[in-house]
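A quick write-up on the structure given underneath.
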Protein chains: 2
Amino acid sequence: MKNVLLRIQYDGTNYHGWQRQKNAITVQGRIENAVKEVTHKFSEVVGCSRTDAGVHGFDYVCNFLTDSRIPSNKFSKVLNVVLPEDISVIESFEVDLKFNSRFCVTKKTYSYRIWNSFMCNPFLRKYSLKIPKKMNILNMKTAASFFIGTHDFVSFMSSHGQQLTTERTIYDCFVVFERSKEIKNGLFKSETNCFEPYLIEIKICANSYLYNMVRIIVGTLIEVGRGKIAPELIKSILIAKNRDLAGPTAPPHGLFLEKVFVDFSKFSREKN
Amino acid sequence: MKNVLLRIQYDGTNYHGWQRQKNAITVQGRIENAVKEVTHKFSEVVGCSRTDAGVHGFDYVCNFLTDSRIPSNKFSKVLNVVLPEDISVIESFEVDLKFNSRFCVTKKTYSYRIWNSFMCNPFLRKYSLKIPKKMNILNMKTAASFFIGTHDFVSFMSSHGQQLTTERTIYDCFVVFERSKEIKNGLFKSETNCFEPYLIEIKICANSYLYNMVRIIVGTLIEVGRGKIAPELIKSILIAKNRDLAGPTAPPHGLFLEKVFVDFSKFSREKN
């Protein structure tokens with residue numbers, strides 16, 4: 001028996017999230033099918049996070065136990081042959097039998113993309129949220145900084161789950177923006193569309209997340225950008241522990257699980 | 001009567017190219033429908049290039065004559081309301097009545113993306129050609145340089161069209177590459193997938209192009225990258241004037257019309 005770690009990427013557009021469901025196509029379901037197809041046995045594939053329907057995985061980590069004779073580092077190749085084009089295994093390797101993707105992840109970085117423009121971007125339409133009104137990005141940057149630290153994030157949680165505590169630590173939260181490439185190259189005159197388009201990216205790195213926490217933080221930062229919530233109010237929304245004070249849950253298609261940090265100090269990486 | 005220039009972007013995946021066809025959905029057809037919907041009159045929309053089925057437009061230029069009372073710089077807004085999400089008007093403005101997108105374009109830059117990796121990239125699968133074997137990028141760079149200049153490009157043309165001459169001038173042709181972001185961030189060990197993934201981009205800027213010229217140049221550069229054609233052979237393939245000596249026509253989905261250079265010196269740009 002061996003434990004195989006997979007680093008995967010997926011375009012979440014056509015999936016009902018990570019977690020296996022009876023009557024819906026999910027990423028976990030697809031990968032478990034693929035593993036069964038190549039090993040001829042069912043293995044549960046344990047994921048590092050339950051991403052929601054429509055959310056994308058840029059560097060997701062999962063693992064499974066198998067007694068297959070396929071070398072661990074060849075699983076990426078054989079699984080990619082049977083997986084659909086919107087799921088891809090970047091890398092596979094053997095890990096300690098005690099390794100578990102859910103519990104050995106020490107922090108995760110999410111990235112949320114906003115296409116801030118009057119016009120649609122045909123190439124980013126499935127990978128960003130379009131907001132057609134000019135946003136105050138500097139205020140968003142200020143507001144983002146107030147999320148950093150250890151707080152009770154119950155104001156930024158969709159519903160009460162089974163977690164023991166609603167305290168989480170955000171290591172970093174920031175907003176970056178870029179003038180769109182087509183505008184930099186082109187003839188664009190700002191009078192045409194009222195304002196110049198920007199690609200805004202919100203990045204959050206935390207030890208773990210409450211249900212919908214990233215999307216509610218993003219929804220709140222969008223309200224800040226629109227001038228509906230003052231940046232300083234973030235502090236009092238955190239203290240109030242009241243979901244109603246935060247912004248709406250941002251839609252999933254702008255969200256990427258960007259990077260997962262795994263603690264390998266306990267689990268020596270095997271060569272095979 | 002006024003002449004309105006549109007800068008547009010489109011994801012070519014679902015279109016049978018630019019040019020209007022009776023029984024197929026095309027970009028020109030979609031835009032002409034949209035113009036008719038907002039002006040209540042048919043106007044022919046003249047494009048700067050006949051892009052093939054599946055090719056993308058990153059900054060395409062077209063124009064149409066209309067007696068509509070909609071201000072020229074508002075057309076981008078009203079057209080975007082009725083256009084599908086995979087076509088977008090970046091900008092619209094009035095140009096001289098003599099302006100014609102086909103004839104007033106002095107040069108065009110095409111960009112072709114290759115995802116050089118064993119695994120599929122879920123986010124680039126519709127916007128790049130995947131090549132699962134390691135390419136010799138330095139040889140491709142050398143080969144690309146031999147296309148620069150004024151040559152008879154008949155070896156790089158799919159079929160004899162109606163053009164008066166097969167001589168064209170390539171102002172620049174080069175290859176750039178980038179280590180993939182997920183690899184830079186991650187744990188990747190090259191032994192897993194034999195080689196590290198790269199995003200390779202081929203850029204060509206010319207005064208005009210013969211039928212399929214970009215895709216045959218790209219197909220030939222790919223053969224160079226694979227070691228099937230020596231870089232120096234490009235010179236003799238050009239001289240031979242024989243299509244059979246060049247590489248195959250690369251598939252369309254990696255190709256973008258990236259930038260169009262318009263000569264406005266003859267046509268003063270109007271304000272309205």
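The values are calculated or read from the model by the stated rules, or taken from the named source; none is laboratory data. Just so you know, these numbers come straight off a predicted model, no measurement behind them. Backbone-built Cβ (ideal geometry, glycine too); neighbour counts: all protein chains shown.
Taking (1) out of contact with any helix residue (DSSP H, G or I) (no Cβ under 7 Å at 6 or more places or on another chain); (2) modelled with pLDDT of 90 or more in turn, B:Arg113 satisfies each apart from (1). Going through (1) crowded, with 17+ Cβ neighbours inside 10 Å; (2) of a type in the set (A, V, I, L, M); (3) at pLDDT below 95 one by one, A:Met140 falls short only on (3). Scanning segment B:64-104 for residues that are of a type outside the set (D, E, K, R) and part of a loop (DSSP other than H, G, I, E, B) gives B:Ser68, B:Ile70, B:Pro71, B:Leu83, B:Pro84, B:Leu97, B:Phe99, B:Asn100, B:Ser101, B:Phe103, B:Cys104.
Please work out which residue is farthest from the chain's Cα centre (by Cα), limiting yourself to segment B:1-56 and to residues that are within 14 Å of another protein chain (Cβ to nearest Cβ), over 12 Å from B:Pro252 (Cβ atoms) and of a type in the set (Val, Ile, Thr). Selected residue: B:Val4. Restricting attention to segment A:94-122, the residues that are within 12 Å of chain B (Cβ to nearest Cβ) and either surrounded by fewer than 20 Cβ atoms within 10 Å (Cβ to Cβ) or in contact with a strand residue (DSSP E or B) (Cβ under 6 Å, 6 or more places away or on another chain) (or both) total 10. Just for segment B:241-272: of the residues that are of a type in the set (Val, Ile, Thr) and modelled with pLDDT under 95, which one is surrounded by the fewest Cβ atoms within 10 Å (Cβ to Cβ)? In this case the residue turns out to be B:Val262. Among the criteria (1) of a type in the set (A, V, I, L, M); (2) surrounded by fewer than 21 Cβ atoms within 10 Å (Cβ to Cβ); (3) at pLDDT 90 or above; (4) under 30 Å from A:Ser111 (Cβ atoms), the one B:Leu187 does not fulfil is (3). Within the set B:Val61, B:Val35, the sole residue that is buried (at least 23 other Cβ atoms within 10 Å of the Cβ) and part of a strand (DSSP E or B) turns out to be B:Val61.
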